[in-house]
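Colleague: What follows is a structure written as structure tokens; I'll ask about it next.
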Amino acid sequence: MTHRKFLPSLTLLLLLALALLLIMLISVGVGAIRMNMLEVLQALAGSADATHTRILYELRLPRIGVGALCGAMFAASGAILQGVVRNPLASPDVVGVGAGAGLAAVVTLILFPAAPLWALPAGAFAGAGVSFALVYLLARRAGEVAPVRVALIGIAVAAALTSFQQLILIRAPDDIGRALSFLVGTVYGADWERLLRILPWAALLLPSSWLLWRRFDVLALGDQLARGLGMRLEFARLVALALAVGLAGVAVTGAGVLGFVGLIAPHMARLLAGPSFARLLPASMLLGAMLVVGADALGRGLVPPVEVPAGIVTTLLGAPYFLWLLRRTGGIRR
């Protein structure tokens, strides 16, 4: 049996934080109006011209902030779900969060076009919560919720909700643009108001998830061992799932239904940090932030001034990775 050696926690997190900072600085300069690193630093110092200063503070900084926070929350949610469900293919979509939020957003945008701006994120968050509650209740049997039932019922509920989304979109094609943009996942148009709306939730939920790392480690050991260690299994599992859904629900309200971030980032973090949630969660958060900020910058820089939504970039990266992971875990056999 071989034991893989990992970098010390502080060294690893410091390196990841520096990498995230570098990606954010590069992202500031990418777009229809490009800025080199010197111009970015001058704008940050307040010594640039008015155009660059306005682009920095009014357009790109809030957009990067929203992308980083949403990426971190998607990644933390995926890491928790993979541990609780004990399935490496688990992600927020598995428990119906993405589909529920997407259906609620489509209903809000198309059936209630005169609704105020706050109705979209509020509706998406409520949709994520309701869909998870439905999955949890359907998966509950004899007072227990088996992880495999959560995953299978979550996939079925997500498929049903997605069908409702498509039905509404087909019947109401006149206002389809905003709905599709939300469903694809993008941080286009993110402003300080959106950033300040999700910041308190991120400041509450991200540290809370890390503080529960010991419980997640025990849950990942399996039901029998968890009970043997004296854990109130169903209560601990419900708290973990609710936290994961809350993280993903808030992230959806900021960046739409960004695909695969909650799947890829925890896997990358596990390779670098190992299975313990004390290291896995902060590493996942930093890698998730890097993925979304990097995907958004790539989408802005590919064919400017046209912008490719970050969700399309993450999906193009994530789909091949998912297929590779499925084959590696035995989900696809010749």
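The values are calculated or read from the model by the stated rules, or taken from the named source; none is laboratory data. Because the structure is predicted, anything quoted here is derived from the model rather than measured. Virtual Cβ from ideal backbone geometry, glycine too; neighbours counted across all protein chains shown. These area figures cover heavy atoms from the full protein model, side chains too; ligands, DNA and RNA do not enter into them. Shrake-Rupley method; radii C 1.70, N 1.55, O 1.52, S 1.80 Å.
Colleague: Using the Karplus equation 6.51 cos²θ - 1.76 cosθ + 1.60 (θ = phi - 60°), what ³J(HN,Hα) coupling, rounded to whole Hz, does each residue of segment 5-11 give in order, writing x for Gly and Pro?
Modeller: 9, 10, 5, x, 3, 4, 4
Colleague: Also, quick follow-up: So which trypsin sites (Lys or Arg not before Pro) in segment 205-273 are both in a DSSP loop and have at most 16 other Cβ atoms within 10 Å of their Cβ? If you can, show how the numbers build up before the last one.
Modeller: Values: sites: 214, 215, 227, 232, 237, 270; in loops: 232.
Within segment 205-273, the qualifying trypsin sites (Lys or Arg not before Pro) (loop, at most 16 other Cβ atoms within 10 Å) are 232.
Colleague: Calculate how steeply helix 97-106 sits against the longest principal axis of the alpha-carbon atoms of the chain, using the helix alpha-carbon long axis, and give the answer as 0 to 90 degrees to the nearest 10.
Modeller: 50
Colleague: Going toward the positive end of the dipole of the chain, with +1 on Lys and Arg Cβ and -1 on Asp and Glu Cβ, which of 148, 230, 206 do you reach last?
Modeller: 230
Colleague: Using Cα springs under 10 Å in a Gaussian network model of the chain, which residue among 147, 207, 309 shows the largest mean-square fluctuation?
Modeller: Taking springs between Cα atoms under 10 Å, the residue moving most is 207.
Colleague: How would you order 273-283, 38-48 from highest to lowest mean count of nearby Cβ atoms within 10 Å? Spell out each step's value before the answer.
Modeller: Numbers: 273-283: 21.4, 38-48: 14.9.
Taking the mean over residues of other Cβ atoms within 10 Å, the ranking is 273-283, 38-48.
Colleague: For the pair residue 38 and residue 210, how long in nm is the line joining their label points, each one 7 Å along Cα→Cβ?
Modeller: Going by the 7 Å Cα→Cβ label model, 3.7 nm.
Colleague: Using a 1.4 Å probe, what is the accessible area per residue for the chain, in Å²?
Modeller: Numbers: 16150 Å² over 334 residues.
Heavy-atom SASA per residue in the chain reads 48 Å².
Colleague: What ranking, highest mean first, results for peptides 246-254, 29-37 when packing means the other Cβ atoms within 10 Å averaged over each residue? Provide the component values of the computation, followed by the final result.
Modeller: Details: 246-254: 28.8, 29-37: 15.0.
Listed from highest to lowest mean packing, they are 246-254, 29-37.
Colleague: Now for a different question. How far is helix 192-211 tilted, in degrees, relative to the longest principal axis of the Cα atoms in the chain, given as a value from 0 to 90 rounded to the nearest 10?
Modeller: Approximately 30 degrees, to the nearest 10.
Colleague: Compute the acute angle (0 to 90°) between the alpha-carbon long axis of helix 147-171 and the principal axis of greatest extent of the alpha-carbon atoms of the chain; round to the nearest 10°.
Modeller: 40
Colleague: At residue 19 and residue 188, where each label point lies 7 Å from the Cα along Cα→Cβ, what is the point-to-point distance in nanometres?
Modeller: 2.9
Colleague: Now for a different question. Does segment 1-137 classify as rounded, prolate or oblate by the C-alpha gyration tensor (a ≥ b ≥ c root eigenvalues; a/c under 1.5 gives rounded; else a/b over b/c gives prolate, otherwise oblate)? Write down the numbers at each step before the final one.
Modeller: Working: a/c = 3.75, a/b = 1.19, b/c = 3.15.
Taking the square roots of the gyration eigenvalues as a ≥ b ≥ c, segment 1-137 is oblate.
Colleague: Which whole-number value in Å³ per residue fits the convex hull of the alpha carbons of segment 201-334?
Modeller: Working: hull volume 17.6 nm³, N = 134.
Convex hull of Cα atoms, per residue: 131 Å³.
Colleague: Give me a comma-separated list of calculated 3J(HN,Hα) values for segment 123-137, in order, Karplus coefficients 6.51, -1.76, 1.60 applied at θ = phi - 60°, integers in Hz, x for any Gly or Pro.
Modeller: x, 5, 5, 5, x, 4, x, 5, 5, 5, 4, 4, 4, 5, 5
Colleague: Here's something else I'd like to know. Computing the accessible area with a 1.4 Å probe over protein heavy atoms, can you report the carbon and sulfur percentage for the chain? Please report the intermediate quantities before stating the final value.
Modeller: On the way: 11250 of 16150 Å².
In the chain, the share of accessible area belonging to carbon and sulfur is 70 percent.
Colleague: Separate question: Work out the FRET efficiency for residue 225 and residue 303 from their Cβ-Cβ distance, taking R0 = 45 Å, and round it to the nearest 0.05. Please report the intermediate quantities before stating the final value.
Modeller: Details: r = 52 Å, r/R0 = 1.15.
With a Förster radius of 45 Å, E is 0.30.
Colleague: Determine how large the accessible area of residue 235 is when every protein chain is in place; take a 1.4 Å probe and give Å² rounded to the nearest 10.
Modeller: 110
Colleague: Over the alpha-carbon set of segment 111-244, work out the extent along each principal axis and list the three values in angstrom, largest first.
Modeller: Result for segment 111-244: principal-axis Cα extents of 57, 34, 20 Å.
Colleague: Starting at the first residue of segment 231-248, write each ³J(HN,Hα) from the Karplus equation 6.51 cos²θ - 1.76 cosθ + 1.60 with θ = phi - 60°, in whole Hz, x for Gly and Pro.
Modeller: 3J(HN,Hα) across segment 231-248, in whole Hz: 7, 6, 4, 5, 5, 5, 5, 5, 4, 5, 5, 4, 5, 4, 5, x, 4, 5.
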